[in-house]
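The values are calculated or read from the model by the stated rules, or taken from the named source; none is laboratory data. Everything quoted here is computed from the prediction, not taken from an experiment. In this analysis, Cβ positions are derived from the backbone assuming ideal geometry, glycine residues included, and neighbour counts consider all displayed protein chains. For the accessible areas, the whole protein counts, side chains as well, though only heavy atoms, and no ligand, DNA or RNA atoms are used. Shrake-Rupley method; radii C 1.70, N 1.55, O 1.52, S 1.80 Å.
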Amino acid sequence: MAIFNTVWSIDVGRSSLKAVKLRREKNNIEILEVDKVDYTVGADGIDFAQQSKEALSIFKSRNDVKEPVIVCHNGQGTLSKFIEIPAFDPKKIKEMVGYEAQQQIPFDLDEVIWDYHLIERDYMPGEEREVGLFAARKEMIEDYLVDFESEELNVEGVTIGYLGLLNFILYDIAPEEPTIFLDIGDSHTDLILVDGKRFWTRNLPHSGSEMTKAVQTRLKLNYSEAEKIKIHCAKNKAQAAKIFQAIIMPKLKELVNEIQRSIGYYRTQSGEVQFKQVYLLGNASKIVGGKKFLQEHLGLPVHTLQGISRLRINRDANLKLLQAHLPAFATAFGSALQGVGVGSCRVDLLPQEEKLQKELGRKKKHVLVALAIMYAVVLAGGFLVKGKVLTEDSDDVQEITTYVDDIKEISGDIGDIEKTSIDVEAKLLEDVGRLRNLPQMAINIVSEALKSVQQQPQQGKSLNVDREIKINEVRSQVQAMVDQGAWVPFIDIQPINWPENAPAAARGEGGRGARRNRTAKKLTVPAYKVSLRVFVKEQDTPDLSMKHFRSLVSNKIKRSLRKLQDSKLIMDPEIKDGIDAKTESRIYYTDRAASGGTGSRRRDQQIVQVQEGGPFFSAGITFILRAEDPPKPEAKEEDKKDDEDDKKSSKSSKKGKSKKKKDD
């Protein structure tokens with residue numbers, strides 16, 4: 001990860017978004033801004049995907065974000081392993097860790113993004129080095145970055161939440177004795193054991209939302225009401241005591257058991273370490289009675305984060321917000337500390353393509369400036385040489401002048417080559433980024449087209465109605481849903497080279513006949529071919545069925561593709577729809593669960609049970625998604641010459657025929 005003077009850090013949690021802006025001036029780190037966007041808690045809980053997206057948009061609207069951004073992944077789905085490697089030449093560390101990564105990561109390394117952290121402690125001569133290995137599926141990280149890209153945020157690094165928290169711990173708290181840190185979040189708990197420069201992490205399943213659900217179940221409330229009671233029960237001490245003993249205390253006992261198991265495992269790996277204290281971080285550290293309970297059952301003093309030691313606070317920062325929610329900002333602070341270059345752990349899971357693209361963007365400016373300076377130096381040197389020798393031999397003057405001009409020309413050519421190379425590499429990386437989004441774009445297009453037709457039957461409002469009337473009402477609703485519904489049994493997205501029947505760019509030598517048959521290289525671009533089959537209610541005739549199919553699905557997909565094409569996100573999508581004679585089928589639905597909704601057939605009697613609603617009409621849709629047009633074939637000079645000869649020969653032939661007609 002590159003180092004910056006000023007960065008934003010964004011921690012997208014499961015219940016809120018936290019963001020901080022830090023600036024580094026020499027050895028001082030200053031908090032410039034803090035922000036927090038809480039998610040809306042609904043009756044059924046928090047819709048994380050939608051709420052986090054909206055929170056990011058709100059944050060962007062509140063703040064003028066021009067600086068680089070470091071984002072924190074919550075750590076769920078990531079892999080962390082601590083390994084030992086032999087004492088080695090420091091220059092070979094990456095090579096050795098790479099070999100271990102192949103053995104330790106249970107996926108193909110092409111499918112993951114991984115990084116490592118060497119624990120810098122005092123080692124005995126020949127003692128093996130301790131390394132933390134961290135990895136995540138590439139697809140997961142790329143999906144996580146989509147919302148940041150849509151808000152046009154300049155993401156320069158991706159940290160894991162517990163490693164961001166570790167950076168804050170080591171920089172600001174700096175414990176002098178072995179310490180247990182607990183960050184109790186809404187979806188899980190991060191446990192970090194810190195022993196000097198050595199550390200160990202574990203993701204525990206116990207969370208704040210688990211406690212809320214326990215309150216919800218016990219008191220028979222919806223999620224939103226249970227969350228309010230969990231947070232505000234401290235105002236009523238009698239109610240708080242009952243809720244704590246009956247609901248929260250059993251969950252905390254489970255957490256204590258997991259902590260003790262984790263400590264036992266760590267001791268088997270690192271020796272008999274005696275932990276001296278516990279720190280509670282995260283919003284759940286505010287749970288009434290939690291601190292006292294942990295202190296009694298762990299037998300250690302328990303602290304909460306009360307202030308900041310080494311970070312200065314700018315007068316324009318929101319001090320009230322920081323004081324009210326300081327423990328919740330710890331992860332964001334740690335990730336920002338890594339961005340300004342003072343974080344102890346430098347693990348970064350930003351995709352390699354993104355890193356290269358951003359690095360090229362930064363170096364491009366420096367290269368152009370360096371070339372300009374080089375040209376100026378050469379030019380000035382030329383003038384000095386000319387001025388010095390003007391009074392001497394005129395032949396020498398001419399020779400030196402010619403030499404200086406040659407240097408100018410060569411330096412200009414080098415500058416053009418360097419700039420062209422950088423531009424080409426940047427363009428290639430940009431194309432890779434655009435191509436990467438095409439499969440997800442295809443799924444979004446199909447989902448959007450089907451959203452309006454996949455309606456569920458409504459529930460009747462009154463229960464005091466005749467049973468037969470109720471059955472008929474539900475039947476009519478189901479029939480209406482079937483008549484206007486569409487179902488996609490499969491969607492296939494395959495990478496291809498487009499066009500599939502591309503013309504060839506000829507290569508090689510030979511005569512005019514040989515030129516037609518020589519080995520050729522196709523002029524294609526990477527693309528994705530999207531194929532899906534859709535079922536709709538069959539109409540009276542095949543033409544009417546196809547018209548019904550196109551109005552429900554095909555035309556909507558075409559409109560979505562046209563919008564993307566108009567916005568320059570894709571090129572001509574080449575959509576096709578129609579019936580494939582080999583796979584055309586009709587399906588029938590039945591109320592028997594064994595049929596799976598596609599009809600029921602008894603093999604012994606060969607009977608097909610058909611109910612109202614069938615048959616169905618099936619058709620396929622295929623379209624191509626690509627980010628650029630293929631290159632055009634270029635005719636070689638010899639081909640152009642042959643074509644000119646052919647034209648001249650044709651003209652001579654025509655003139656001869658015309659003259660013959662006149663003579664006749």
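Quick notes
- Residue match in segment 204-214 (condition: assigned to a helix (DSSP H, G or I), in contact (Cβ under 8 Å) with a residue 12 or more places away in the chain, among the basic types (Lys, Arg) and under 30 Å from LEU79 (Cβ atoms)): yes
- Out of ILE10, ILE29, one residue alone is within 24 Å of the chain's Cα centre (by Cα) and either closer than 28 Å to GLU359 by Cα or assigned to a strand (DSSP E or B) (or both). It is ILE10.
- Scanning segment 328-358 for residues that are open to solvent by less than 60 Å² (accessible area, probe 1.4 Å) and either of a type in the set (S, T, N, Q) or more than 25 Å from LEU79 (Cα to Cα) (or both) yields a count of 5.
- The set of residues from segment 290-320 being touching a helix residue (DSSP H, G or I) at 6+ places or on another chain (Cβ under 9 Å), among the polar types (S, T, N, Q) and under 22 Å from ALA241 (Cα atoms) comprises just one member, THR304.
- Within segment 11-36, restricting attention to residues that are on the phi < 0 side of the Ramachandran plot and without any contact (Cβ under 8 Å) to a residue 24 or more places away in the chain, the residue that is least open to solvent (accessible area, probe 1.4 Å) is GLU25.
- Residue count for segment 151-169, restricted to those that are surrounded by fewer than 19 Cβ atoms within 10 Å (Cβ to Cβ) and farther than 15 Å from ILE10 by Cα: 0
- Within the set THR189, THR179, THR201, the sole residue that is buried (at least 16 other Cβ atoms within 10 Å of the Cβ), modelled with pLDDT of 95 or more and under 24 Å from PHE82 (Cα atoms) turns out to be THR179.
- Only listed residue being modelled with pLDDT of 85 or more, charged (D, E, K, R) and either open to solvent by 90 Å² or more (accessible area, probe 1.4 Å) or not in a strand (DSSP E or B) (or both), chosen from LYS547, LYS529, LYS470: LYS547
- Close contacts from segment 288-315, counting a first residue that is open to solvent by 30 Å² or more (accessible area, probe 1.4 Å) and a second that is outside any strand (DSSP E or B) and among the β-branched types (Val, Ile, Thr), with Cβ to Cβ under 6 Å and a gap of 6+ residues or different chains, come to HIS297/VAL256.
- Single residue of segment 132-150 satisfying the filter (surrounded by fewer than 14 Cβ atoms within 10 Å (Cβ to Cβ) and either in a strand (DSSP E or B) or not acidic (Asp, Glu) (or both)) that is nearest to the chain's Cα centre (by Cα): VAL146
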